[in-house]
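Asks: My questions will all concern the structure given below.
The values are calculated or read from the model by the stated rules, or taken from the named source; none is laboratory data. These figures come from a predicted structure and were not determined experimentally. Don't worry about glycine lacking a Cβ; one is built from the backbone with ideal geometry, like all the others, and counts go over all protein chains shown. Just so you know, the surface numbers come from the protein's heavy atoms only, side chains and all, with ligands and any DNA or RNA stripped out. Shrake-Rupley method; radii C 1.70, N 1.55, O 1.52, S 1.80 Å.
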Amino acid sequence: MIFLDQIFVNSKKAILNLASAFLPTDAILIVSALISIGAIAAFGPFTMMYLTWFERKLVGRIQNRIGPNRVGIFGLLQPIADGIKMLTKEDIVPAGADKVVHFLAPVVVVIPALLVFSVVPFGRNMVAIDLNIGLLFFLAVSAMTTIAIFMGSWASRNKFSLLGGMRTVAQLVSYEVPMVLAAVPAILASGSLSTVDIVEAQGGWNGLKWFVFTPWGFVGFLMFYLCGVAECNRTPFDIPEAESEIVAGFHTEYSGMKFALWYMAEFMSVFTISALTATLYLGGYQGPWLPSWAWFMIKTYALVFVMMWFRGTLPRLRVDQMMGLAWKFLLPLTLINILVTGLWYFTSGLGLRLGLSIGILLVSSWVLVLFNRPYMPEKRVYEFAE
Amino acid sequence: MFGVLRGMGITFKNFVASYFLPRKPNSLETGGMVTLQYPEERLPEKERFRNFPFLIYDTKPDDLRCVACDICAKECPPKCIYIVRDNDEQGRPLKKPKVFDIDFTVCMNCGICEEACPFDAIFMDHEFEVGGPERQQSLVYHMDQLLKPATHFAKIRPTDHVAIEEKRRKEAEKKRAAAQAQPKPPEAKPPQA
Amino acid sequence: MIDEPVLHDTDTLEVNLGPQHPSTHGVFRMNVKLEGETIVSLKPIMGYLHRNHEQIAENMSYLGSMPYTDRLDYFNSMSNNFGYALAVEKLANIEVPERAQYIRVIMAELTRLVNHVSVIGFLLNDLGAFFTPILYAFREREKILDIFEEIAGSRMMCNYLRFGGLKLDLPPSVLDRIKKIVQGFPKFLDEFEGLLTKNEILCMRCQNVGILPYDLAVSASITGPMARASGVNYDIRKIDGYSIYNRLKFRVPLGKVGDVYDRYMIRILEMRQSVWILEQVLKEIPEGPIINPKMAAFAKAPRNFKPPKGEAYGRVEAPKGELGFYLVSDGTPQPWRYHVRAPSFINLTVLEDLCIGHKVADAIIILGSIDIVLGEVDH
């Protein structure tokens, strides 16, 4: 069990041992870093490639289609075929575009998407770097995406791109706030910003003491996940690239490999956001019986599945409704959730704790729904003329 | 909230069902996977399906039924048919076309030529996988491409074939009866000549 | 619910939505001026698909225009045929046999199902649902189109009706299959509604967006589901009672608000009524000839068909609204004047009134809820 659990860690150690035989100590550090970087740099794009396949397959099945099935068995080589197509496509830069920024934007967007992998704990002892401000690092770096998207949209010199860019900035900035606040309960409960410490704090009950099983954890999980969906521009919050409205939003004018880079950034952030949600509220790699990395992957991919399920089901919100949701509903509720987390830790007795927190959360969400009543759907009755 | 959840339940049901229920293209039941893996699998051809006309001949391409009467070319709504009547050596018109062109890019597969033809000479085909390397010449179909045997017609449209053969037989009988009833014109050649 | 647009002291952004745009339903252009995301002016620009339909028809035999009417609203060729056949029958005073009347109504109502189900799918696509509703809709639509192919020879360009009847009789056993489809349709509608009707996102996006008031609907001569969503009780099947509709039982659903959601719901309710109509018709369909023998004589020579001098206006309740054909005959084989009252085109004229003050995203769904087909708009 432990062998399987630590198989990746031990293989890295074995390589380092082998290297230490003929390399100085300082060089070992570099080799160690290179192995981690190499693993992430291979894993990130690979995940992205197969997430595209996974999404196409899944949405296809939802829509009673088969999905890609021509290239390779089950269409498994489809991402490679797509990659070849993307690489060999003509790279078009609009005549009026700012060529430097137009080129830089997709590069800039991929870097943060790859960087955040470094603090994701893939399994026990399987984190590239255990930063003590890991969560902060994650949120700060992933917020850089906003700049890249705006660069791309502005440099394209296209009105649809510009509209998409403006929507992106509005959306990402608004959802950044409730997202950080939704992560606070987990930080409060574990007393650390390090992602590894947060996961370790959920280790009780045979690895099942996940935060999501508490009332505040459940609400925090939902809020964080929703904000995360908005952060990676997925349906129902995909207004920055709303296909039916503004063609393709910020990447309207991108083609070939640059377009693939936008997609890579999007799918990698789908993965990392799901990974972080799993880390914060679903106990990360904690869980009984299975190896830790297996638990992590199961949880992460379950969340990715839900994101794609959303995509297959839901229409998108309008831009003002999105902002309304962020500022008028998610933000107050996350603040109340922080309060509830505090109360949970300053009261004792399971009944009192549960009653108090569930009561406060239910009442406050009901009040928020009432406040938002004018924006809620109404019931309609239809008449029939003979 | 509950509406969204219900919708997601329905899509999830379809997702799971797509793995467990058999794929049934061409079924009339509601729901289920109806995908057809097109080039390998095909739907059964409907007899009345019509796409692009062809000229019919009975046994060999020379004795085609078309008499170059030009009715189809006149009735064709987009005017995609072009006919030139053939002449014999003395320059007298023959009852067959010399040129019979149909422009595929103009034809809209309405089937009015088939309806209007008094000689049952032009019919709509079932062929739908048509392409050409360029847009002008390869899509103008000439007579040699348009000629198809009656057996082809019998294969693609058996019911119509039976009806039309029956009709033609009756007409021929009537003609023969009329010819027998009338005294033969003196300059007509004897049939056994 | 929608606040008045606040005009700041900034430039407006002029965007051309279309003619190549994912959701203008064809080659249609909207010249939109935006204040941020809010629309301050919208100019619809049509004519990219203009094919000179009326002029062509005036130089052609009466029957020759029949396949061209298929191409007006290419989703509903059967209804278009129906409208044109009614106009010519009125012009030449032709009786239609009973069985043909029934089959015509079956075809018209099946077409209505096809149209409504796909327009709702497209509307959801415009709303951003990633192709799921449209593919569910197409799954069912395909079955009806297969029936059309079997009956008329083509899935969409049916060219099936003839003056005084039909081109061909129904092939054997096709009625049983239509019955089966009609039986299964409510089940599909339930699934479809479960996916959509109560979905909060759909409700939020559609309710109180693009409200068409009763007065405007009447004065702009809006017809079809769009008018009925605004509460205008105007259904030509009820008013004219053409063909056998005066003998059939059905009800006309009416909306109160006239927004996108009402237009969506009216279409759903109309489909249920269509299923009811189909059930009645399929039960009562008689045997008999399918074409008036007087007109059958013209089958081999459409050019000899010369209606007497006069004029006629035939109209049907097409799925998109009142589809009318106005014909003037001067006794020759060609109509002297041929005019189409295209419902999509006339319904589209209020687009600007509906869109001003809404967001770009709303303009798209308002356009989607109007239900246009560019072939008909630009005829």
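Asks: Equivalent ellipsoid semi-axes for segment C:176-314, as square roots of 5 times the alpha carbon gyration tensor eigenvalues: give them largest first, rounded to whole Å. It would help to have the intermediate numbers written out before the result.
Replies: Details: eigenvalues 257, 110, 32 Å².
Over the Cα atoms of segment C:176-314, the ellipsoid semi-axes are 36, 23, 13 Å.
Asks: Right, something else. Two decimals is fine: what is log10 I(q)/I(0) at q = 0.13, 0.20 Å⁻¹ for segment A:105-200, from a Debye sum with one equal scatterer on every Cα and no solvent?
Replies: Cα-only, vacuum Debye calculation for segment A:105-200: -0.54, -0.95.
Asks: In Å³ and rounded to a whole number, note down the convex hull volume per residue for the Cα atoms of segment A:154-254.
Replies: Values: hull volume 12.0 nm³, N = 101.
Once divided by residue count, the hull of segment A:154-254 is 119 Å³.
Asks: Still on this structure, I have one more. Using a probe radius of 1.4 Å on protein heavy atoms only, what is the accessible area buried between chains C and A, both sides summed, to the nearest 100 Å²? Each step should come with its number before you reach the end.
Replies: Numbers: alone 15930 and 19500 Å², together 31190 Å².
Using a 1.4 Å probe, the pair buries roughly 4200 Å².
Asks: Here's something else I'd like to know. Which of the listed residues, A:SER292, A:HIS102, A:ALA81, is farthest toward the dipole's positive end in segment A:2-371, when Lys, Arg count +1 and Asp, Glu count -1 at the beta-carbon?
Replies: A:ALA81
Asks: Below 9 angstrom from the Cβ of B:MET143, what's the summed charge of the other residues (Lys, Arg +1; Asp, Glu -1)?
Replies: Details: positive: B:LYS98; negative: B:ASP101, B:ASP144.
Charge balance near B:MET143 sits at -1.
Asks: Continuing with this model, one more query. Give me Rg over Rh for segment A:51-130, both radii from the alpha carbons and Rh done the Kirkwood way, two decimal places.
Replies: On the way: Rg = 18.1 Å, Rh = 16.2 Å.
Rounded to two decimals, Rg over Rh is 1.11.
Asks: Let me ask you something else. If you roll a 1.4 Å probe over chain C with all protein chains in place, what percent of the accessible area is carbon or sulfur?
Replies: Values: 6710 of 12380 Å².
Percent of accessible area from carbon and sulfur atoms in chain C: 54.
Asks: Provide the buried accessible surface between chains B and A in square angstrom, both chains summed, 1.4 Å probe, rounded to the nearest 100.
Replies: On the way: alone 14170 and 19500 Å², together 32250 Å².
Buried surface at the B/A interface: approximately 1400 Å².
Asks: In a Gaussian network model over chain B where Cα atoms closer than 10 Å are linked, find which of B:LEU43, B:LEU55, B:LEU94 has the largest mean-square fluctuation.
Replies: Maximum fluctuation in the GNM of chain B, among the listed residues, is at B:LEU43.
Asks: Moving to a separate point now. How big, on average over all directions, is the shadow cast by the Cα convex hull of segment C:1-94, in nm²?
Replies: 9.7
Asks: What accessible area, summed over both chains, is buried at the C-B interface (1.4 Å probe, Å², nearest 100)?
Replies: Values: alone 15930 and 14170 Å², together 26750 Å².
Summing both sides, the interface buries roughly 3300 Å².
Asks: A further question follows. Counting Lys and Arg as +1 and Asp and Glu as -1, each charge on the Cβ, what is the dipole of the protein assembly as shown about the Cα centre in debye, to the nearest 20?
Replies: 1960
Asks: Return a whole-number percent for the relative contact order of chain B, with Cα pairs under 8 Å and 6 or more residues apart as the contact set.
Replies: 20
Asks: Within segment C:54-157, report the chymotrypsin sites (Phe, Trp or Tyr not before Pro) that DSSP leaves as loop and that have at most 16 other Cβ atoms within 10 Å. If you can, show how the numbers build up before the last one.
Replies: Working: sites: C:TYR62, C:TYR68, C:TYR74, C:PHE75, C:PHE82, C:TYR84, C:TYR102, C:PHE122, C:PHE130, C:PHE131, C:TYR136, C:PHE138, C:PHE148; in loops: C:TYR62, C:TYR74, C:PHE75, C:PHE130, C:PHE131.
Passing sites in segment C:54-157 are C:TYR74.
Asks: In nm², what is the average projected area of the convex hull enclosing the Cα atoms of segment A:12-108? Kindly include the intermediate steps, with their values, before the conclusion.
Replies: On the way: hull surface 44.0 nm².
Mean shadow area of the hull around the Cα atoms is 11.0 nm².
Asks: Heavy atoms only, probe 1.4 Å: what % of the accessible area of chain A goes to carbon and sulfur, would you let me know?
Replies: Exposed carbon and sulfur together represent 74 percent of the surface.
Asks: Still on this structure, please answer the following. Tally Lys/Arg at +1 and Asp/Glu at -1 over every other residue whose Cβ is under 12 Å from the Cβ of B:GLU47; what's the total? Could you put the intermediate results ahead of the total?
Replies: Details: positive: B:LYS46, B:ARG48, B:ARG50, B:LYS155, B:ARG157; negative: B:GLU45, B:ASP160, C:GLU149, C:GLU150.
Cβ neighbours under 12 Å give a net charge of +1.
Asks: Provide a whole-number value for the mean count of partner chain Cβ atoms within 10 Å of the Cβ atoms in peptide C:294-304.
Replies: Working: counts 0, 0, 0, 0, 0, 2, 6, 6, 7, 4, 0.
Across C:294-304, the average partner-chain Cβ count within 10 Å equals 2.
Asks: Run the accessible area of segment B:1-116 with a 1.4 Å probe and give the carbon-and-sulfur part as a rounded percent. Each step should come with its number before you reach the end.
Replies: Values: 3600 of 6140 Å².
Answer for segment B:1-116: carbon and sulfur cover 59 percent of the accessible area.
Asks: Now a separate question. Given just the C-alpha atoms of chain C, how large is their convex hull per residue in cubic angstrom?
Replies: 129
Asks: May I pose another question? Considering the options A:PHE122, A:VAL59, A:ALA140, tell which one lies farthest towards the positive end of the dipole of segment A:1-148, charges being +1 on Lys and Arg and -1 on Asp and Glu at the Cβ, about the Cα centre.
Replies: It is A:VAL59.
Asks: Over chain B, how many percent of alpha carbon pairs lie in each 5 Å bin up to the one with the longest distance?
Replies: In order of increasing distance, the bins hold 1, 6, 11, 13, 13, 12, 9, 8, 6, 5, 5, 3, 2, 2, 1, 1, 1, 0, 0, 0 percent.
Asks: Could you compute the longest span of chain C free of GluC sites (Glu not before Pro) located in DSSP loops and having at most 14 other Cβ atoms within 10 Å, not counting the site residues? Walk me through the numbers on the way to the answer.
Replies: On the way: sites that count: C:GLU95, C:GLU287.
Longest stretch, sites excluded: C:96-286.
Asks: C:ARG272 to A:VAL101: FRET efficiency via 1/(1 + (r/R0)^6), r the Cβ-Cβ distance, R0 51 Å, to the nearest 0.05? Walk me through the intermediate numbers first.
Replies: Details: r = 55 Å, r/R0 = 1.07.
Step by step, r from the Cβ atoms, then E = 0.40.
Asks: For B:LYS98 and C:ALA296, what is the calculated FRET efficiency with R₀ set at 25 Å and r taken between the beta-carbons, to the nearest 0.05?
Replies: Working: r = 34 Å, r/R0 = 1.34.
Efficiency computed from Cβ-Cβ geometry: 0.15.
Asks: Tell me, what is the per residue accessible area of segment B:34-113 in Å², probe radius 1.4 Å?
Replies: Values: 4130 Å² over 80 residues.
In whole numbers, segment B:34-113 has 52 Å² accessible per residue.
Asks: Need one value for C:20-27: mean number of C-beta atoms belonging to other chains within 10 Å of its residues' C-beta atoms. It would help to have the intermediate numbers written out before the result.
Replies: Numbers: counts 1, 5, 7, 5, 1, 0, 0, 0.
That average works out to 2.
Asks: Right, another one. Taking only protein heavy atoms and a 1.4 Å probe, what accessible area per residue, in Å², does chain C have with all protein chains in place?
Replies: Details: 12380 Å² over 379 residues.
Accessible area per residue, chain C: 33 Å².
Asks: Work out the P(r) tail for segment A:2-371: percent of alpha carbon pairs separated by more than 30 Å, whole number.
Replies: Numbers: 29278 of 68265 pairs.
Above the 30 Å cut-off, segment A:2-371 has 43 percent of its Cα pairs.
Asks: Further question on the same structure: So what are the three principal axis dimensions of segment B:75-172 from its Cα atoms, in whole Å, longest to shortest?
Replies: Cα extents, longest axis first: 44, 41, 24 Å.
Asks: Please report, largest first and rounded to whole Å, the three semi-axes of the ellipsoid equivalent to segment C:112-213, where each semi-axis is the square root of five times an eigenvalue of the C-alpha gyration tensor. Write down the numbers at each step before the final one.
Replies: Values: eigenvalues 206, 50, 27 Å².
Taking √(5λ) for each eigenvalue gives 32, 16, 12 Å, largest first.
Asks: Name the residues of segment C:236-263 whose accessible area falls by at least 50 Å² when all protein chains are present instead of the chain alone, probe 1.4 Å?
Replies: Buried by 50 Å² or more upon assembly, which counts only protein chains, are C:ARG251, C:LEU254, C:LYS256.
Asks: Next up: Per residue and in cubic angstrom, what volume does the convex hull of the Cα atoms of the protein assembly as shown have?
Replies: Numbers: hull volume 216.9 nm³, N = 958.
Given the Cα convex hull of the protein assembly as shown, per-residue volume reads 226 Å³.
Asks: While we're on this one: Counting only other chains, and only Cβ atoms inside 10 Å, what mean value do you get across the residues of B:105-116? Could the numbers behind the result be given before it?
Replies: Working: counts 0, 0, 0, 7, 5, 12, 7, 8, 0, 1, 9, 7.
Counting Cβ atoms of other protein chains within 10 Å of each residue's Cβ and averaging gives 5.
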